[in-house]
Amino acid sequence: MSDPRDPYGNPPGWTDPYSDLTDMSGNGPIPPLEDPGIPPATPPGSPLLTGLVVGLLLVALSVAVFQLLRSDDTTTAIGETSTSVATDDTGTTVPGDSSTTSSTSGVVTPPSRPYPAVGSPIPVDKMKLKSDRVAIQINDVPDLKFGDLADLTIGRLAASLGEGEDTGWQVSTGQWGVCTGDFERIIRFGPFAAIVTTDGTNEVFNGYRQDLGLGGIESDAAEITTLSGFKAGETVERLRTVYNSEDVTFAVHPTVGDVFELRGSDSGDLLLWGPVAGTDPDSKVLGIFAPDVCDRG
């Protein structure tokens, strides 16, 4: 066997320095370029794709918040335009088939249907102020008692004293002696204020205040007297004289100021009260009030 010959003319004994190298002719297998035990690296994420995903999430969140706020607004709007029968804080149903929202408290108030005049006029000298009614000194004409239906009692006052100034239904702040938070309706005939409340179903006449501080002293209503003949505008001395068999005392009311209190000498019950300009004999009695609705329970 002959020695391998160098194709390039090298001398005998020549060896191929590249014989140990991998066959590069394409006939042998290609060696692996990486260690197969190492997992492939994760390709870097696309900034554009990441931004798109974040943007979609923000849009979805914005829509959810908008729907939530819109739901709250819709609920409020429904409460402001409710036409259902209203109830007070204790669940008592108030009269009426539609309602409005009080501007001061947000409580739904009943509708204020007008009180048309009822019957023939009653002369003011036949109307007498008592602790629980306006007595009528005419045969066959009933008294206007607290608890009577307002349609009738206010209608008869309107027939006698003219059209009154009506506040409509409102939530009491205690100004008129109705318990704070309850519904009240005040109808004024000059200085005479008729107080209407609700028993849960009906509108009822439930009190009065003859108060010269309300103005309208030229009204016929200013001439209404008590059953004993005392009239607002007369003096403290006259008050003591007319009620010398009862107890007349004076106090300071938290909202009205100086007031007189007329109480039964035997029972001690409050009969009438009202504002005074002072306690001296010549001081004027400025009003005559029935006991407050709230105090009567």
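The values are calculated or read from the model by the stated rules, or taken from the named source; none is laboratory data. Keep in mind the model is a prediction, meaning the values are calculated, not measured. Cβ placement follows ideal geometry from the backbone for every residue including glycine, while neighbour counts extend to all protein chains displayed.
Being part of a strand (DSSP E or B) and either within 26 Å of V259 (Cα to Cα) or in the same structural domain as E234 (by TED's automatic domain parsing) (or both) is a condition met by no residue of region 104-117. For region 105-125, a residue qualifies if it is under 21 Å from L149 (Cβ atoms), more than 31 Å from the chain's Cα centre (by Cα) and not polar (S, T, N, Q), and the qualifying residues are A117, V118, G119, P121, I122. Screening region 222-238 for residues that are acidic (D, E) and out of contact with any helix residue (DSSP H, G or I) (no Cβ under 8 Å at 6 or more places or on another chain) and picking the one that is surrounded by the fewest Cβ atoms within 10 Å (Cβ to Cβ) gives E237. Looking at (1) free of Cβ contacts under 8 Å to residues at least 24 places away in the same chain; (2) in contact with an Asp or Glu (Cβ under 7 Å, 6 or more places away or on another chain); (3) in the same structural domain as D132 (by TED's automatic domain parsing), which is the one condition that is false for I186? Failed condition: (2).
Taking into account only those residues within region 243-297 that are in contact (Cβ under 8 Å) with a residue 40 or more places away in the chain and hydroxyl-bearing (S, T, Y), which is surrounded by the most Cβ atoms within 10 Å (Cβ to Cβ)? Here the residue is S283. When you scan region 200-221, do you find a residue that is under 21 Å from A135 (Cβ atoms), without any contact (Cβ under 8 Å) to a residue 24 or more places away in the chain and surrounded by fewer than 21 Cβ atoms within 10 Å (Cβ to Cβ), even just one? No; the residues of region 200-221 include none that is under 21 Å from A135 (Cβ atoms), without any contact (Cβ under 8 Å) to a residue 24 or more places away in the chain and surrounded by fewer than 21 Cβ atoms within 10 Å (Cβ to Cβ).
Kindly establish whether F289 is farther than 19 Å from A135 by Cβ, aromatic (F, W, Y) and within 35 Å of the chain's Cα centre (by Cα). When the stated conditions are applied, F289 does not pass them. The residues of region 129-150 that are over 14 Å from T197 (Cβ atoms) and free of Cβ contacts under 8 Å to residues at least 60 places away in the same chain, listed by number, are R133, I136, Q137, I138, N139, D140, V141, P142, D143.
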